[in-house]
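Q: Quick one: this structure, given as structure tokens, is what I'll be asking you about.
The values are calculated or read from the model by the stated rules, or taken from the named source; none is laboratory data. If you're wondering where the values come from, they're calculated on a predicted model, not measured in any experiment. Side chains are part of the model used for accessible areas, which takes the heavy atoms of the whole protein and leaves out ligands, DNA and RNA. Shrake-Rupley method; radii C 1.70, N 1.55, O 1.52, S 1.80 Å.
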Amino acid sequence: MLTAGQQPARTALTVPSELHQAHRLLVPIKKKWDAQAPGALSWGDLIVLAGDTAIESMGGPVLGFCAGRIDDVNGKASLELGPSAIQQAVAPCTKGDGMCEQPLGPTTMGLIYVNPEGEQAVPEPKNTVKWIRSTFGRMGMNDKETVALVGGGHAFGKTHGACPTGAGPGPLESPAAPWPGTCGTGPFKGKGPNAFTSGFEGAWTANPIKWDNEYFKNLLEYDWLLIRGPDSHFQWSPLAKPGVTEQPNKGPGGHFQWSPLAKPGVTEEPDKVMMLTADLALLEDPEYLKIVKLFAKDQAELDEAFKNAWYKLTTRDMGPYSRCLGKALPPPQPFQNPLPPPPAELPDFEAVKSDVIALLKNDPENGE
């Protein structure tokens, strides 16, 4: 995983393509502020602030912003992400890819958290539960924070896999502009409907640019069906309504994902949303399921849990609260292990010292 001070340009070749695309979008802003105040705006602060701003722009809750991250000069102080010879020497994945343990952050090399298709890319949700709890636990997250981050993060955006020819050359072949996309032409080449990042295709909610708790409602409201897509590729597409004989919609790509199946007696077709195996794993654990139900019922509970978990996720590696700067800084949080304030009034320590000296003189065993 990225360290706070590691520049995106130095990340490993397997980092998801959307991170490189986000980096390219932020380059003009970084250059603008570097020209005005060289070194004042770090990549670390810019990336986190951009995430906060995006959440707020879609109506999502943000607790605050802790500024003060310092970039390494060239990224050499941070080990590159694996798989690599250095990674194997320092932190080998001894149980096999997909089951990596600490000190590695993700369970699968080249991914950020867990394999969204399931353990070893087998789409069995219950097998993914332990890896979700493990990898989020490595980041100091409890169950409620984990479910808030998964579902809150999936309230936004979509997966991209509609381009059958993929994302194009990666950083090794094209360091300056990796994964440009191979579908479409002109300004829409590799963008929008022509984008390809993870290879999955679809959104988790009907309005993926609006903050709400629909993700959790969708998980509970529908049954979910795994199907096989065209050309023997696996993905998840909506099943036609009961009584309809036409083939279900199918999308390109070779990955597992989930789409809603209308429950018995339901005559209307659900919105064209999807889930991944790792999403459905939240229904396979009793503690996760309780939290899913809570967030589906109570938007305010989700708001509170998500904003605190997101701030913890983006700030936990900053160290003590004193390192945080800026006007949007919230009070010290429990994960920052704040010390209690000093007492408002102190005694006369010279007088206390005199009392100790008197004790030593008058004590028959220890005095002079």
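Q: With θ set to phi - 60°, apply the Karplus curve 6.51 cos²θ - 1.76 cosθ + 1.60 along the range 306-323 and write out the HN-Hα couplings as whole Hz, x wherever there is a Gly or Pro.
A: Per-residue couplings from phi come out as 5, 5, 6, 5, 5, 4, 5, 4, 8, 10, 4, 8, 7, x, x, 4, 5, 7 Hz.
Q: Carbon and sulfur: what percent of the range 278-368's accessible surface (1.4 Å probe)? Display every interim value, and only then the final one.
A: Details: 3630 of 6310 Å².
C and S fraction of accessible area: 58 percent.
Q: While we're looking at this one, here's another question. Considering only protein heavy atoms, what per residue accessible area in square angstrom results for the range 58-139 with a 1.4 angstrom probe?
A: Result: 49 Å² per residue.
Q: Right, another one. Going by amide H atoms built from the backbone, whose H comes under 5 Å of the H on residue 224, apart from near neighbours?
A: 261
Q: Accessible area of the range 87-138 with a 1.4 Å probe: how many percent of it is carbon plus sulfur? Write out the running numbers ahead of the final one.
A: Details: 1380 of 2430 Å².
Here it works out to 57 percent.
Q: I've got another one for you. In square nanometres, what is the average projected area of the Cα convex hull of the range 86-179?
A: Dividing the Cα hull surface by four gives the mean projection, 8.1 nm².
Q: Can I ask one more? Probe 1.4 Å, all protein chains in place: accessible area of residue 185 in Å², nearest 10?
A: Estimated to the nearest 10 Å², residue 185 gives 110 Å².
Q: Please tell me which of these pairs span more than 28 angstrom C-alpha to C-alpha: 95/126; 126/191; 217/307?
A: On the way: 95/126 19 Å; 126/191 34 Å; 217/307 19 Å.
Where the Cα-Cα span goes over 28 Å, the pairs concerned are 126/191.
Q: Additional query: Calculate what fraction, in whole %, of the accessible area of the range 146-220 sits on carbon and sulfur atoms when a 1.4 Å probe is rolled over the protein chains. Please report the intermediate quantities before stating the final value.
A: Details: 2080 of 3130 Å².
Of all accessible area on the range 146-220, carbon and sulfur atoms account for 67 percent.
Q: For residue 112, what accessible surface area do you get with a 1.4 Å probe? Give it in Å², rounded to 10.
A: 70 Å²
Q: Provide the solvent-accessible area of residue 93, counting protein heavy atoms only and rolling a 1.4 Å probe, rounded to the nearest 10 Å².
A: Roughly 20 Å² of residue 93 is accessible to a 1.4 Å probe.
Q: With every protein chain left in place, what is the accessible area per residue of the range 288-368 in square angstrom, probe 1.4 Å?
A: On the way: 5940 Å² over 81 residues.
In whole numbers, the range 288-368 has 73 Å² accessible per residue.
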